[in-house]
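Every number in this text was worked out from the coordinates using simple rules, so none of it is lab data. The structure presented is a predicted model; accordingly, all values stated were derived computationally and were not measured. Neighbour counts run over all protein chains shown; Cβ positions are idealised from the backbone, glycine included.
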Amino acid sequence: MSQETVAIIIGAGPAGIATSACLNLLSIPNIVLEREDCIASLWKKKSYDRLKLHLAKQYCQLPHLSFPSHFPTFVPKNMFVQYLDSYVSRFNVNPLYNRSVESASREDGEKWRVAARNAGSSEMEVFEGKFLVVATGENSDGFVPKVLGLEGFGGEVVHSSEYDNGKRYSGKDVLVVGCGNSGIEIAYDLVNYGARVAISIRSPVNILTKEMVQFGMSLLKFLPCNVVDKMFQTLIKFKYGDLSHYGLQTPSEGPFYLKATTGQSPVIDVGTMEKIKTGDIQVFQSITSIKGDIIEFTSGQTSRFQAIVFATGYKSTVRKWLKDDGGLFNEDGMPKKRAPNHWKGENGMYCVGFARKGLIGIANDAQKVANDIRLILRQQEGRCVF
């Protein structure tokens, strides 16, 4: 037996619930399948305590529901989760939880067939629909790079998705690997809990404050990206000085150009730069190898650590279960086309949450997908669409 619907949505993070909400408002039946036991599991279970939205709230709201006026400009994790819970209730989004999708394929050229394992009963369930929306996003599974000797490291090794706060690391030597927003904030959090902290940085980064990013996004409404970037490259130098003195390299490209063309977000300084300048956080280059508790870096430096936190991002899991991709995804499970042309494939295949544009990208894609499905359904019904 199979359950039939119009649209099957894989994933109940912000992307999945936003798409379901948009479809519900258009009275288009849909089913949301989620492998965890709650919506937004990345936010509820796999994010550190001090996390806040790095963009101002007006850039982070989902379709058809603004944040409450009393929420601060930069919304903390617990309030964002509260907003998401209110969102699913308001728009009658009812995911099926504990459903781990094992395959999704196109059947008979007319419908999608999704097989999912029910973790509660261990039974395989089958769902069929005209449309398939992949909403598992860019951040599906935590990624830890291969490091020579890592398996022999005697201390604790965690991915940033397993880190909540630095309480248990007080007095310990901790290396944070990665200088994205998670890495830079976790390093700061660890220092505040009394850890001795170092951070391993592989690539050049643009460092901005939350307020600088908010100002820049406002300017981009009126000025070309290259003009805004030149302004901010000057502002970064004025704010932080020559960061190369502290082991940090700045890319030649500006922060907003890199975000638009590669999806690489600027790093938001939450106080970490001051800790680096005072020496409370050491900066090392990439790891070359690990021998016991001694870590060697590409600079030739070595140091002992008792714990490693890999803030090295996530990877898409689409290729593990998607059998027919409708020409949408590449070998890495990411869209072949860049935004804004990334969201639609062939044969009723869509994706939401892969634009590399954060929550504002999710909101835009969810509405595009819902409206496109409505258009196709109307055309199939033989009605004129104006």
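Excluding the site residues themselves, the longest part of the chain lacking any GluC sites (Glu not before Pro) in a DSSP loop with at most 12 other Cβ atoms within 10 Å is 124-330.
Measure out, as a whole number of angstrom, how far apart the alpha-carbon centroids of the stretch 327-376 and the stretch 220-265 sit. Distance between centres, Cα-based: 28 Å. The lysines whose alpha-carbon is closer than 20 Å to the alpha-carbon of Lys368, local same-chain residues fewer than 8 away aside, are Lys130, Lys336, Lys337, Lys344, Lys357. Neighbours of Leu53 by Cβ distance under 10 Å: Lys/Arg scored +1, Asp/Glu scored -1, total +4. Comparing Ala355, Ala119, Ala15 in a Gaussian network model of the chain (Cα springs below 10 Å), the most mobile by mean-square fluctuation is Ala119.
Summarised in one figure, the compactness ratio Rg/Rh of the chain, Cα atoms and Kirkwood Rh, is 0.99. Stretched out straight at 0.36 nm per residue, the stretch from Asn92 to Ser203 would grow longer than its current Cα-Cα span by 35.6 nm. Taking other residues whose beta carbon is less than 12 angstrom from the beta carbon of Ala115, and scoring Lys, Arg as +1 and Asp, Glu as -1, yields -1. Straight-distance candidates among the lysines for linking to Lys275, with alpha-carbon spacing under 22 Å and chain neighbours fewer than 8 residues away dropped: Lys52, Lys167, Lys172, Lys210, Lys237, Lys239. Of all DSSP bridge pairs formed entirely within the chain, close to 40 percent run antiparallel. Counting pairwise Cα distances across the stretch 142-310, what percent come out greater than 27 angstrom? Distances greater than 27 Å cover 28 percent of the Cα pairs.
Antiparallel versus total DSSP beta bridges in the stretch 142-310: what percent is that, nearest 5?
Working: 7 of 26 bridges.
About 25 percent, rounded to the nearest 5.
Counting only other residues whose beta carbon sits under 12 Å from that of Gly327, what net charge do I get with K and R as +1, D and E as -1? Net of charged neighbours comes to +1. Considering helices alone, the calculated mean residue ellipticity of the chain at 222 nm is -8500 deg cm²/dmol, with DSSP H runs of length four and up weighted by -39500 (n - 2.57) and normalised per residue.
Helix 77-90 axis versus longest C-alpha principal axis of the chain: approximately 0°, rounded to the nearest ten.
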